[in-house]
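Shown next, in structure tokens, is the structure this report addresses.
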Amino acid sequence: MKFQTLGQYFYKLYALMFILFLVPLAVFIFLYQSFRLAWLPTFDLLQMVELISYLAFSIAAFDWVIILFVFHYRLKSIRKIHSLGERLSRYASLTLVSNTIISVGMLVLSGGYYLTENKWMTIVFIASLILPVIRWPFPSRVCKDLALKGDEQMMVLYRMDSF
């Protein structure tokens, strides 16, 4: 991600994060309404409802667990880079990739709800909306994740433009 100032960095990162956050939400709302208002055809999968439910839950949970491990593993290598700009750029890429995978898991839950009409899919989907919020890259979280100290920490925390 290319940026000139820290303000621009966080602006671009937050804009991309909002898009990744809103796409699965919009798909879920559309599928939920299409099911309620019969916009799309429904499927009679009575024998496979349980299998599809378990499969969707498993894929979403697998996504979340993998992201936690991969994020922390890749973060260790990013911390070793000397340039703050390069560290921030790689951190943004890592954050966007992890949130893309979380969004894919939420899309799987949306599809699972559409196919099975299982109310637990809705509950797990709503709970999964909390995950990107918890992992949101606020300046303090960026400092903590990148283990910034001193001037670098002050620069990121207060979004100082001298870079």
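Each residue of segment 32-39 in turn: what ³J(HN,Hα) in whole Hz from Karplus with 6.51, -1.76, 1.60 and θ = phi - 60°, glycine and Pro shown as x?
Couplings: 4, 5, 5, 5, 5, 9, 6, 6 Hz.
Relative contact order for segment 6-157: what percent, with Cα pairs under 8 Å and sequence separation of 6 or more?
About 32 percent, as a whole number.
What is the percent of Cα-Cα separations in segment 12-62 that go past 17 Å?
61
Just in segment 1-61: which chymotrypsin sites (Phe, Trp or Tyr not before Pro) are loop by DSSP and have at most 15 other Cβ atoms within 10 Å?
Sparse-neighbourhood loop chymotrypsin sites (Phe, Trp or Tyr not before Pro): Trp39, Phe43.
Out of segment 66-163, which trypsin sites (Lys or Arg not before Pro) are coil in DSSP terms and have no more than 11 other C-beta atoms within 10 Å?
Sparse-neighbourhood loop trypsin sites (Lys or Arg not before Pro): Lys80, Lys149.
Which one, Ala15, Leu40, Ser89, is farthest towards the positive end of the dipole of the chain when Lys and Arg carry +1 and Asp and Glu -1 on their Cβ?
Ser89
Averaged over all directions, how much area does the convex hull of the C-alpha atoms of segment 54-163 cover when projected, in nm²?
For segment 54-163, the mean projected area of the Cα convex hull comes to 7.2 nm².
Taking only Cα atoms, what is the 0 to 90° angle, nearest 10, from helix 49-79's long axis to the longest principal axis of the chain?
10
Bear in mind these aren't lab numbers, they're just calculated from the coordinates by the rules spelled out. For clarity, every value in this text was computed on a predicted model and none was experimentally measured. FYI the Cβ positions are ideal-geometry reconstructions off the backbone, even for glycines, and counts take in every protein chain you see.
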